[in-house]
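Novice: This is the structure, below, for whatever I ask next.
The values are calculated or read from the model by the stated rules, or taken from the named source; none is laboratory data. These figures come from a predicted structure and were not determined experimentally. Using ideal geometry, Cβ is built from the backbone for each residue, glycine included, and neighbour counts are taken over all protein chains shown.
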Amino acid sequence: MYSDIFKLISEYDKIILARHVGVDPDAMASTMALKDSILLTFPEKKVYSVGSGSNRFVYFGKLDKVDDMKDALLIVLDTPDVKRIDGIEIDNFSKIIKIDHHPFVEKFGDIEYIDDTASSASELVLELINETDLLMDKNIASKLYLGIVSDTNRFMFNNSTGDTFRKIAKLIEDYKLEIDKLYEPLYLRPISEVRLEGYVGLHLELTENGVAYIKLTKEILDEFSVDAAAPGNMINNFNYINEAIVWVFFTEDTKNNNIRVSARSRGPIINTTLANFNGGGHKYASGARLMKMEDAENVIKALDELCLEYKKNIESGDTIENK
C-alpha cells in the first residue's frame, strides 16, 4: 500500500490535495504536512492544497487557488465520501488516492488507504512518511503532532492507542518538538470566542433523554463577532456535562447557505444517525449539513430517540454501545 502510494506520487508532476468541508485542525494538518513532505522530497513538482479555509488555522499554511487541474493526481485526506470533499470535482482526475481514518462509506479512490482504528488522518500521513522515502523536517513533524493532538482531544479520546503514543514520542524526540509552543496557536482564542462559549453554556437546552443542544443564528454569531466555524472549535469543551450523553450545535453558515451540525457523544453511536441528515463521521464525533434551521428539530428528535435506546440497553446490561 505505502509503496503504491509513493510510486503514484512520484509519477505525477502536478498533485492536488483536498479534504472535507468544514475544515478542522486534523484535516488542515494532514493535507499541509503531506504537501510539504512531497515538495521536500520532490522540489520540482507542483503541489497544491485546496478548499475553503478558516482564519483560525492560518498557522498551518496558505491554501492554494488552482485553475488548471488537468493531468494532476488528486489525494483526498480525512474524507470518507465524495459529497464531503471541499472544492473538488473528482471526475476531473484520472487517478485518485484516498487517505482516511473514518469508517468506510464509499470507494472513490484508485488507491484507498483507510484505517478507522487510527487516531487521525495526520497519524496516517505520519505512517506513510515513515514507511516510504517521503521526507520530513521539524515543520512537517510539528503539523502532524498538532493534527494528532487535535483529533484525540489531547489524547483523551479512546482513539489514542499505545501505537499512537509510541509514534508521538518518537516524533518529539527525533525533531526536538517544543510542545508548549506548538499548543499556543491551537488553543489560543480571541475573547469573542470565550464569550460565545459562555453564552453556549448558559443557553444549552436539554432533552428528556440527555441531548444537549443549541441553535446559533447569524444574529448570535454577529453579536459575538465570530464566524460559523467558531462553535465547532469549542464543542469538545462540553464533554463532561453530567446530564448530557450527546451534545450538538446547530450553527447558521450564511457564507455556504446551510446549517452546520457538530455533534459529540459519550456513549451512543451517532454517525449512522447523522448519515440520515447529509452527514457522518466517527462513532462519537460527527457532523452534518442542513438546509434550514427548522430541520434541527428532526435531528434533535432522532438523537433523543437514540439516547433513549442507549439508556435502555445500559439498564438491561445488554451493551455499553447502542445497537
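Novice: Restricting attention to the range 234-292, which residues are crowded, with 21+ Cβ neighbours inside 10 Å, outside any strand (DSSP E or B) and touching a residue at least 60 places away in the same chain (Cβ under 8 Å)?
Specialist: I245, N271
Novice: Ok, one more. Name the single residue that is nearest to P231 (Cα to Cα) among those in the range 292-323 being among the hydrophobic types (A, V, I, L, M, F, W, C) and at pLDDT below 95.
Specialist: Within the range 292-323, the match that is nearest to P231 (Cα to Cα) is I320.
Novice: Could you please find all residues in the range 1-59 being among the β-branched types (V, I, T) and either in contact with a Gly (Cβ under 9 Å, 6 or more places away or on another chain) or under 20 Å from M234 (Cβ atoms) (or both)?
Specialist: Once the filter is applied, which keeps residues that are among the β-branched types (V, I, T) and either in contact with a Gly (Cβ under 9 Å, 6 or more places away or on another chain) or under 20 Å from M234 (Cβ atoms) (or both), the range 1-59 yields V21, V23, T31, V50, V58.
Novice: Failed condition for Y113, given (1) under 23 Å from E131 (Cβ atoms); (2) part of a loop (DSSP other than H, G, I, E, B); (3) touching a residue at least 12 places away in the same chain (Cβ under 8 Å), with all others met?
Specialist: Of the numbered conditions (1) under 23 Å from E131 (Cβ atoms); (2) part of a loop (DSSP other than H, G, I, E, B); (3) touching a residue at least 12 places away in the same chain (Cβ under 8 Å), the odd one out for Y113 is (2).
Novice: So the check is Cβ under 9 Å with 6+ separation or different chains; which pairs have a first residue in the range 162-189 that's free of Cβ contacts under 8 Å to residues at least 60 places away in the same chain and closer than 13 Å to D137 by Cα and a second one that's β-branched (V, I, T) and part of a helix (DSSP H, G or I)?
Specialist: Taking only residues 6 or more apart or on different chains, the pairs are L171/I148; I172/I179; Y175/I140.
Novice: Given (1) touching a helix residue (DSSP H, G or I) at 6+ places or on another chain (Cβ under 9 Å); (2) acidic (D, E); (3) exposed (fewer than 15 other Cβ atoms within 10 Å of the Cβ), where does D26 come up short, assuming only one miss?
Specialist: (3)
Novice: If I ask for residues that are touching a Phe, Trp or Tyr at 6+ places or on another chain (Cβ under 6 Å) and closer than 26 Å to S160 by Cα, which ones from the range 275-312 would you list? Outline the logic, then answer.
Specialist: Going residue by residue through the range 275-312, those that are touching a Phe, Trp or Tyr at 6+ places or on another chain (Cβ under 6 Å) are 288, 296, 299-300.
Hit for the range 275-312 is A288, nothing else.
Novice: If I go through the range 14-38 residue by residue, how many of them are under 9 Å from the mean Cα position of the chain (by Cα) and in a helix (DSSP H, G or I)?
Specialist: Within the range 14-38, residues that are under 9 Å from the mean Cα position of the chain (by Cα) and in a helix (DSSP H, G or I) number 4.
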